[in-house]
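First the structure, in the form of structure tokens, and then the observations on it.
The values are calculated or read from the model by the stated rules, or taken from the named source; none is laboratory data. If you're wondering where the values come from, they're calculated on a predicted model, not measured in any experiment. Cβ sites come from the backbone with ideal geometry, for glycine too, and all protein chains shown count toward neighbours. Protein only, heavy atoms only, side chains kept; ligands, DNA and RNA dropped before computing areas. Shrake-Rupley method; radii C 1.70, N 1.55, O 1.52, S 1.80 Å.
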Amino acid sequence: ETSNDDIKKILKKEFPESFWVAIKQNIENIEQVDFWLNIINDKNFKNDIVSSDKSFFDIAFNNLPKHIDQETWSKWTEQISDLTGRKGKDLFLSLRLALTGLKKGPEMNLLLPHINRDLILKRLKA
């Protein structure tokens, strides 16, 4: 198995080992590391889903915890579910699309801590 240090040397990029752990099961080649780095760091990220469901994303925005770690996703989505009544795919897929623009990818509890909180908030606003 390729290590985080090996990948950083090959790509000549710096990122925490927890990022590598988050994405390694969801990539087929080394170039896809850049793809995920771009997703988590893109300050100009745009999505269409937020404007289509503004009230839901306002609730998500207003309830994003101050501190983001691997526990945040489950606590945050549980709180959003309690406030909106949404469950399952209707809850999780909407948030994933708003934050990554993709229907699938790394586990959100592992990926979310790598997205800057201000970027998360920006992505939740239309």
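Remarks
- Taken about its Cα centre, the chain carries a charge dipole of roughly 440 debye when the Cβ of each Lys and Arg holds +1 and the Cβ of each Asp and Glu holds -1.
- For Leu11 and Ser51, the FRET efficiency from 1/(1 + (r/R0)^6), where r spans their Cβ atoms and R0 equals 35 Å, is about 0.50.
- Over all distinct Cα-Cα pairs of the chain, the Kirkwood formula returns a hydrodynamic radius of 15.2 Å.
- Electrostatic bookkeeping for Leu119 treats Lys and Arg as +1 and Asp and Glu as -1; over the other residues with beta carbon under 14 Å from its beta carbon, the sum is +4.
- Available extension along the chain between Lys103 and Asp58 is 14.1 nm, counting 0.36 nm per residue and deducting the alpha carbon span.
- For the chain: accessible area per residue (Å², 1.4 Å): 59 Å²
- A run of the chain free of exposed loop cleavage sites, with GluC sites (Glu not before Pro) counted only in DSSP states other than H, G, I, E and B and at most 16 other beta carbons within 10 Å, reaches its longest extent at 29-70.
- Counted charge near Asn44, where neighbours are those whose Cβ lies closer than 14 Å (Asp, Glu -1; Lys, Arg +1): +3
- Net charge of neighbours whose Cβ lies under 15 Å from the Cβ of Phe92, counting Lys and Arg as +1 and Asp and Glu as -1: +2
- Extension gain from Leu121 to Asn44, taking 0.36 nm per residue of separation minus the Cα-Cα distance: 26.5 nm
- Extreme residue, positive dipole direction of the range 1-107, given options Thr2, Ser81, Val33 (C-beta unit charges): Ser81
- The range 18-55: trypsin sites (Lys or Arg not before Pro) in DSSP coil with no more than 10 other Cβ atoms inside 10 Å: Lys43, Lys46
- Paramagnetic reach from Phe35 (point 7 Å along Cα→Cβ, amide N under 15 Å) across the range 105-121: 105-107
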